[in-house]
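To start, the structure under review is shown below, and the notes come after it.
The values are calculated or read from the model by the stated rules, or taken from the named source; none is laboratory data. None of the values given here were measured: they were computed from a predicted structure. Note that each Cβ is placed from the backbone with ideal geometry, even for glycine, and that neighbours are counted across all protein chains shown.
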């Protein structure tokens, strides 16, 4: 009887180990903005001036490549997450809530770690439709102070016609993605370029994702 008991005990321990490393464990892995948004990597300059001049959340102003994720966390709470390495490395904060139109959305604040290093300056901010209203793994519920991110451009819930009217002619690709971007040469602090882009995903003629990113290369 002792041998049988030991055999079953070993089997139970093995099954617990498999469960801990199986689909349920994978489901608990925080969802990164790269995987959630699945935006095309390549953007091409289409505009002569930067598409976004200011980003505000109520009285809170966010300057891309200047404000750090720590400052966003101080304002809205949450846990800073990280994933990937080299060109795929990203650090982020995310919040699930509703916008002013009461549409369930997820707010993403991300730092491309290859460009920002250990400083984690915000290089990307996105708003994504969240029909189920459930916070993705690794995101917290949005605080009452986070009900809209104003980019000064059409956002989630706007129509494709609104986007085209604002930016000019454009047609989503077969997956519904559409982007507008600028690449500007700069002299300070040294010769380089600043690329800023607005990327949309459109479904059924309505914007379901808007992402604004900026990266400087010197």
Members of segment 71-91 found to be surrounded by 15 or more Cβ atoms within 10 Å (Cβ to Cβ), without any contact (Cβ under 8 Å) to a residue 40 or more places away in the chain and in contact with a helix residue (DSSP H, G or I) (Cβ under 7 Å, 6 or more places away or on another chain), listed by number: 89, 91
Qualifying positions in segment 38-57 - modelled with pLDDT of 95 or more, surrounded by 14 or more Cβ atoms within 10 Å (Cβ to Cβ) and not in a loop (DSSP other than H, G, I, E, B): 55
Sole residue being in contact with a helix residue (DSSP H, G or I) (Cβ under 8 Å, 6 or more places away or on another chain) and not in a loop (DSSP other than H, G, I, E, B), chosen from 96, 126, 181, 185: 126
Check on residue 53, more than 15 Å from the chain's Cα centre (by Cα) and on the phi > 0 side of the Ramachandran plot: no
